[in-house]
Structure formats: structure tokens, C-alpha cells
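Worksheet: the structure to be examined is printed underneath.
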Amino acid sequence: MQIKDKVVVVTGAASGIGAALCRRFHREGARAVVVADLNGDGARLVSQEIGGIGIQTDVAVESDLIRLVQETENQCGPIDLFCSNAGVSYRDEPDGTAASCSNENWQKAWDINVMAHVYAARAVLPGMIARKNGYLLNTVSAAGLLNQIGSASYSTTKHAAIGFAESLAITHGDDGIKVSVICPQAVATPMLGNFEDGGPQGVDGIVTPEDVADSVVAGLAAESFLILPHEKVRLYTQRKISDYDRWLNGMRRLRRSFAN
Ligand SMILES: NC(=O)c1ccc[n+]([C@@H]2O[C@H](COP(=O)([O-])OP(=O)(O)OC[C@H]3O[C@@H](n4cnc5c(N)ncnc54)[C@H](O)[C@@H]3O)[C@@H](O)[C@H]2O)c1
């Protein structure tokens, strides 16, 4: 997909990767860019900068996503590209088990990292299928293919997000629907602050949100399912699948090196 003349929605777009995607889509000549975020003031600031539309949206609430899709289609026409980008990360408790994150944060991680993708798809797919045309771009993480040391809730929900995106691609490929997932390692955004200097996910370097936007524009043009701003993630994923036990040993070593 080329972005020129397209109607695009991005969630979690007041900051980080989402804001960079909005700016880049505007530069690529999108007809309309809708900037959606829980932080309504932040969304409006980004939208003013690019002449887009800012809409306060809590992606964990299905009725908010339905309203976002309706308002966009009323103001701009059918949505060509919907980017489910909002995400949250919570660490395991210090010295806690992999199950130690609170139930409240596990639930938020499920709602925002997974269910928001389900709600968005439910809201936009009927129109896209009727038009036999539409693109869903879901921001996941390398943690969805590999793992996030120190955050079981993030790793688990991001794996689930990959599973859902695969189901979308398999079920709706014949309906003319395209699906991609963005799976970066460390990106310099406020979220990374939770993982101190990149932490274990920063071992291959920290890229900028603009670098991610470059990969996304190339990945959308190629209509590739996997968009990997850190290309090494492809090799790591191949190694994981070819020898899971060896991969787990390597991950334990990496965890120990960050514990010291
Ligand atoms: N930063 C990284 O290293 C990194 C790496 C891999 C994947 N990601 C993923 O990239 C995506 C964007 O994260 P980022 O790094 O740009 O972080 P960020 O903190 O800069 O931006 C996240 C945005 O999501 C918004 N948000 C949070 N909860 C929301 C909700 N319920 N409804 C609507 N908006 C909500 C926040 O207000 C914020 O503006 C996330 O899905 C994250 O998991 C980030």
C-alpha cells in the first residue's frame, strides 16, 4: 500500500511511535490522518501540527473504538489503513516470580495490547470487507516473537497480539484485507523509560520512532506481514524455532547478565 491519498487512523498517537507514524503518513501525502489517544490534548497537538484530526480515545473501551471509526468515516470517508498502535508495559515485581505483576496490570495489558486490536478489527472489518480493500497495521513488539525479560505480562500479551494478527491475515486475506505487525526491539520513546537504557531489549541498539516509521512505510509498500525495524529479530526468531531449548538457555544467560 502507498499512503498517498489514503485515510489513516493511528491509536496511541500522541507520543512515540504513533506520533512518528502520523507525521510520516502526512509527509507521504495521506488524505486524512486521525490521531487517536487516551491523552486527548496530546492527540490534538499532534493533529494540529500535521493538519489532521485529533480524537480522544480509550482503546480498552470497545464503544470508544466504534465511535472513533464512525467519526473518522463521517468526516473523512472510508478508512484505508487502521493502525492499532497504543500499548502498555508493566514489569514483573522486583525479585518477584514471572507471575508477580498485579492482576490489575495484567488485565490492562490484555485490554490494551490485545483486546483493542480485536475491537478495532470488529469495527473496521465489515466496511473493508464490503469494499474488498483495507489494511490493518498492528504495533506488537519483538517481545511477541521472542520475549521481554522482566515483563511476563508484556511478553504474553504481545504473543497473543501476533496470534490475532495471524488469524486476521489467514481469515481475511481472500476478502482483500492486508495485515502487518510491527515488531521492534528498543525504540527511544517514553515507554522505554520503564526498561532503563533499553535494558535487555536494547542489546542491538535503540532506534528512533522515525526509524520505525521508515520501516513501516517500506513494509506497507511491500505488504509484508512482519515489519522488523531491527532486522536481527528475524534471525533470532529462526533460531528460537529451530532449537527452543538452546534459545531458552541463551535468554537465561542474557537475563543473568542484566541481573548483575
Ligand atoms: N518503545 C519501545 O521500545 C517499543 C518496542 C516495541 C514495541 N513497542 C510498542 O509500540 C507501541 C507504541 O509505544 P511507544 O513506545 O510509542 O510508547 P509511548 O509511551 O511513547 O506511546 C504510547 C501511547 O499510547 C497511549 N495509550 C496508552 N494507553 C492507551 C489507551 N488505553 N487508549 C489510547 N491510547 C493509549 C499513551 O497515551 C501514549 O501516547 C506500543 O504498542 C508498544 O508496546 C514499543
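Starting from the stretch 130-141, keep only residues that are farther than 14 Å from His172 by Cβ and more than 16 Å from the ligand (Cβ to nearest atom), then list their pairs with residues that are of a type outside the set (S, T, N, Q) and not in a loop (DSSP other than H, G, I, E, B) whose Cβ atoms are within a distance under 9 Å, requiring at least 6 positions of separation or different chains.
Nothing qualifies.
Of these, Asp58, Asp41, Asp80, Asp64, which one is within 25 Å of Gly144 (Cα to Cα) and surrounded by fewer than 24 Cβ atoms within 10 Å (Cβ to Cβ)?
None of the other options fit; the residue is Asp58.
Exactly one condition in (1) touching a residue at least 12 places away in the same chain (Cβ under 8 Å); (2) more than 14 Å from the ligand (Cβ to nearest atom); (3) surrounded by fewer than 23 Cβ atoms within 10 Å (Cβ to Cβ) is false for Asp174; which is it?
(1)
Restricting attention to the stretch 113-127, does a residue exist that is more than 11 Å from the ligand (Cβ to nearest atom), touching a strand residue (DSSP E or B) at 6+ places or on another chain (Cβ under 6 Å) and not small (Gly, Ala, Ser)?
Yes: one or more hits.
Would you point out the residue of the stretch 60-98, among those that are charged (D, E, K, R) and within 14 Å of the ligand (Cβ to nearest atom), that is farthest from Glu28 (Cα to Cα)?
Top of the filtered list is Arg91.
What pairs come out if I take residues in the stretch 14-35 that are without any contact (Cβ under 8 Å) to a residue 60 or more places away in the chain and pair them with residues that are assigned to a helix (DSSP H, G or I) and among the charged types (D, E, K, R) whose C-beta lies under 9 Å away, six or more apart or interchain?
Matching pairs, first to second residue: Ala14/Asp41; Ala14/Arg44; Cys22/Glu49; His26/Glu49; Val33/Arg23; Val34/Glu71; Val35/Arg44.
Kindly indicate whether any position in the stretch 93-102 is among the small types (Gly, Ala, Ser) and surrounded by 16 or more Cβ atoms within 10 Å (Cβ to Cβ).
no
Being surrounded by fewer than 11 Cβ atoms within 10 Å (Cβ to Cβ) and among the aliphatic types (A, V, I, L, M) is the requirement here; does Ala213 meet it?
In short, no.
Filter the stretch 1-27 down to the residues that are part of a helix (DSSP H, G or I) and charged (D, E, K, R) and list them by number.
Residues satisfying the conditions are Arg23, Arg24, Arg27.
Of everything in the stretch 212-260 that's in contact with a strand residue (DSSP E or B) (Cβ under 8 Å, 6 or more places away or on another chain) and among the charged types (D, E, K, R), which residue is farthest from His159 (Cα to Cα)?
Across the stretch 212-260, the extreme among qualifying residues is Glu223.
Quick note: the coordinates plus some simple rules give every number you see, no bench work behind them. These numbers come from a predicted model, not from an experiment. Every residue, glycine among them, receives a Cβ derived from its backbone with ideal geometry; neighbour counts consider all protein chains shown.
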